[in-house]
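Down below is the structure, laid out as structure tokens.
Values in this text are rule-based calculations from the coordinates and carry no lab data. Fair warning: this is a prediction, and the values are worked out from it, not measured in the lab. Note: ideal-geometry Cβ built from the backbone for every residue, glycine included; neighbour counts use all protein chains shown.
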Amino acid sequence: MIHGIVTDIQRFSLHDGPGIRTTVFLKGCLMRCEWCHNPETIDPAPQLLFYAGNCIGCGECVEACPQGNHRFAPADDGGAPAVATGGAPRVITHDFSRGSCSVCGACAGRCPASSLQVAGRRMEVADVMAELLEDRAFYREEGGVTLSGGEPMMQPEFARGILHACKREGIRTAIETTLCYPWSRIEPLLGELDLIMFDLKLADAEKHRRHTGVSNRLLWENLGRLNRCGKPLIARTPLVAGINDSEDEIVPIARALGRLDNLLYYEFLPYHPLGAGKYEALGRTAPVFQPPSGQTLRRLVHAARAQANNIKIYINGKPENYEIQHTTGSLA
Ligand code: SF4
Ligand code: SF4
């Protein structure tokens, strides 16, 4: 039985490929992008997230944990954070010792407030398929299943098993990948895929390594091979102010994309800070980044088009002229 670690299965997704899709997030990623908004998907192993702000102080986790990792104390004893219980008001602190947590999940299983959640569950391909088939009626002609991450290429056998089972059921398949893996790992998946979405985060080799922790050499090498495989492609760049929102980065990327035969479109994904709460729930400090300004975004769209007027440009899943016209306020 092929099994793997799944961070989450998200239903009715409209942002991970065409149509209505179910997205399977596989856990583990080689990259360490500084702006990552899914930090709970990076570590290949399961992790416990503690959303302190959700805690209602019921004490279930204190009873559940065999290792005594949850403790309550009056607020003035120090510790963090303060929570107010229901009934007779009292302010306490909920002290969580992450270091000795074995991620058994017992506390999360009893928490009534979703304050404790385990990211990462071991599943077999058949378990995943059982969930995916529940949504089959919604996929219709365009939709289907998308493998995302983390990075699906970190669990190639598991990824292939899911994709193969989907194809056997007649479900359309897509993958989201960084392409920064040996071709020998990517190629076996191609026969099971209808669409490949890949990231081009930074063109400059040194900057790519500095901001993601990984070289982009394999990505550039794999791009040519991917073009020859004839599958439909979507390229995406997460745009982060001060990191890659410049012509120096976007022009070489657009030029390379202009040479692809099967590119459906090139998509800009302006940075959003939605992952901040997850960093705190993992006991980490959330990074602070900004999206590019609306003016910069327009400039980059024009710069990309000047390099390759044969490619369509999208912003957040919509053709760029639609997005710029309809979100002038937030992009200005
Ligand atoms: S996951 Fe298990 S070990 Fe970790 S805090 Fe919860 S009950 Fe304790
Ligand atoms: S079980 Fe959940 S809500 Fe109850 S004290 Fe623990 S973290 Fe808070």
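Structure notes:
- Evaluated at q = 0.12, 0.13 Å⁻¹: base-10 log I(q)/I(0), Debye formula over Cα of the chain: -0.91, -1.04
- Antiparallel content of DSSP bridges confined to the chain, in %, to 5: 45 percent
- 3J(HN,Hα) couplings calculated from phi for the stretch 265-271 with the Karplus curve 6.51 cos²θ - 1.76 cosθ + 1.60 (θ = phi - 60°) are, in sequence order, 6, 10, 10, 8, 10, x, 3 Hz; Gly and Pro show x.
- Per-residue HN-Hα couplings for the stretch 189-199 [Karplus 6.51, -1.76, 1.60; θ = phi - 60°; Hz; x = Gly/Pro]: 8, 4, x, 9, 10, 9, 8, 10, 10, 9, 9
- In the structure shown, the pairs LYS167/LYS278; LYS27/LYS207; LYS278/LYS312; LYS278/LYS318 are assessed against 29 Å; a Cα-Cα span above that value is assigned to LYS167/LYS278; LYS278/LYS312.
- Contact order normalised by residue count of the chain, Cα under 8 Å, 6+ apart, percent: 18 percent
- Entry for the stretch 157-304 at q = 0.13, 0.14, 0.17, 0.18 Å⁻¹: log10 I(q)/I(0) = -0.68, -0.78, -1.06, -1.14, Debye formula applied to identical alpha-carbon scatterers, no solvent contribution.
- Taking only the alpha carbons of the stretch 263-327, we obtain Rg and Dmax values of 14.9, 46 Å in that order.
- Sorted by Cβ neighbour density within 10 Å, fewest at the top, the residues SER13, SER102: SER102, SER13
- Placing unit charges on each Cβ (+1 for Lys and Arg, -1 for Asp and Glu) gives the chain a dipole about its Cα centre, and among PRO291, VAL301, TYR51 the Cα reaching farthest toward its positive end belongs to VAL301.
- CD proxy at 222 nm, helix term only [per DSSP H run n ≥ 4: -39500 (n - 2.57); per residue of the chain; nearest 500]: -9000 deg cm²/dmol
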